[in-house]
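The values are calculated or read from the model by the stated rules, or taken from the named source; none is laboratory data. The model shown is predicted, which means the values in this text are computed figures rather than measured ones. Using ideal geometry, Cβ is built from the backbone for each residue, glycine included, and neighbour counts are taken over all protein chains shown.
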Amino acid sequence: MATDAAEAVELRGALMRLRRATGLPVAFGGLVEAGRRQVRISELSGTATAALSALAVSSGSGLGGKAVALARPCAVADYSSSRRISHEYDAAVAAEGLRSVLAVPVVVRRRVRGVLYGALRTAQPLGDRTLAAALDAARDVEQSLVVRDEARDLLASACEPAAAGGPGRERVREAHGALRALAPRVTDPELRAELLAVCAALAGPPAPAPTGRRVGLTPRELDVLACVASGSTNAAAGHRLGLRPETVKAYLRSAMRKLGAHTRLEAVVAARRAGLLP
């Protein structure tokens with residue numbers, strides 16, 4: 001998979017957090033290229049040369065390739081002399097002056113999607129604290145990729161019906177609710193805007209308002225209403241949106257007031273009439 005701008009930012013942030021947490025002078029990493037069993041090193045932090053930039057690491061080769069093949073962390077105390085790895089990349093590692101190196105795979109749904117490395121310029125074992133910090137950094141990247149994958153899948157399933165003439169109304173409403181719940185978790189502003197644009201398209205045009213006044217709900221009020229429309233309780237909506245049930249209740253009360261509704265059902269019906277929900 002090619003590293004897009006948002007994934008590059010996420011990788012860069014994870015590498016910086018890894019260095020801060022461990023004191024390691026060097027960190028680098030990349031994602032698995034689409035259709036190939038190799039990682040392309042795309043992000044460098046603390047390096048003194050460009051020797052590692054754009055390096056293609058094949059599965060099973062070197063330290064990172066071993067981490068990809070085994071889907072687990074691997075480390076060596078002295079890279080150039082280690083008998084536990086193959087040595088296709090010694091020249092690049094030596095040019096950067098690296099000795100002790102750790103490689104942690106980024107695993108999403110049992111599939112390795114990338115590798116994060118941390119390294120010292122001295123030969124010494126890397127301890128448990130360093131390993132734990134590297135695993136935390138890899139999990140940050142994993143979570144970001146999971147959210148982006150979910151967003152892309154939902155976008156595809158939501159846009160498909162439109163091209164095919166549209167599925168049942170309930171399926172549209174399910175897709176809308178899932179997209180609204182996911183959008184706040186997406187850190188990439190362009191992808192988040194795309195999700196919200198699809199939500200607006202799924203909601204459809206508003207019916208003419210008797211008063212001629214357009215109802216304005218905040219994004220969070222609309223998120224809560226979308227969950228309520230799908231049958232979620234306040235507790236379930238809170239879990240889905242990362243909010244406390246009391247906060248969900250407050251947003252729901254506010255939305256009901258704006259919509260002139262006295263019950264949850266009336267609020268959902270009013271929001272649909274206003275073109276805010278499908």
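Assorted remarks:
- Filter result (among the aromatic types (Phe, Trp, Tyr) and out of contact with any Asp or Glu (no Cβ under 9 Å at 6 or more places or on another chain)) within the stretch 1-52: none
- Only residues that are closer than 17 Å to ARG185 by Cα and surrounded by fewer than 15 Cβ atoms within 10 Å (Cβ to Cβ) were counted across the stretch 214-238, and they come to 2.
- Meets criteria (in contact (Cβ under 8 Å) with a residue 40 or more places away in the chain and under 25 Å from SER144 (Cβ atoms)) for LEU24: yes
- Single unsatisfied condition, GLY13 versus (1) under 26 Å from GLY127 (Cβ atoms); (2) within 17 Å of the chain's Cα centre (by Cα); (3) in a strand (DSSP E or B); (4) not β-branched (Val, Ile, Thr): (3)
- Of the residues screened, VAL68 is one that is surrounded by 18 or more Cβ atoms within 10 Å (Cβ to Cβ) and assigned by TED's automatic domain parsing to the domain that holds THR122.
- Subset of the stretch 16-38 [part of a helix (DSSP H, G or I) and among the small types (Gly, Ala, Ser)]: ALA21
- In this structure, VAL57 does not qualify as surrounded by fewer than 22 Cβ atoms within 10 Å (Cβ to Cβ) and not polar (S, T, N, Q).
- None of SER42, SER100 is over 24 Å from GLN124 (Cα atoms), touching a helix residue (DSSP H, G or I) at 6+ places or on another chain (Cβ under 8 Å) and either at pLDDT 95 or above or hydroxyl-bearing (Ser, Thr, Tyr) (or both) except SER42.
- With respect to being modelled with pLDDT under 95, touching a strand residue (DSSP E or B) at 6+ places or on another chain (Cβ under 7 Å) and surrounded by 22 or more Cβ atoms within 10 Å (Cβ to Cβ), LEU31 fits the description.
- Leading residue by the ranking (modelled with the lowest pLDDT) among those in the stretch 118-165 that are touching a Pro at 6+ places or on another chain (Cβ under 8 Å) and in a helix (DSSP H, G or I): PRO161
- Qualifying residue in the stretch 72-95 (condition: surrounded by fewer than 16 Cβ atoms within 10 Å (Cβ to Cβ) and under 25 Å from the mean Cα position of the chain (by Cα)): yes
- For the stretch 78-104, a residue qualifies if it is among the β-branched types (Val, Ile, Thr), within 15 Å of ALA51 (Cα to Cα) and assigned to a loop (DSSP other than H, G, I, E, B), but none of them does.
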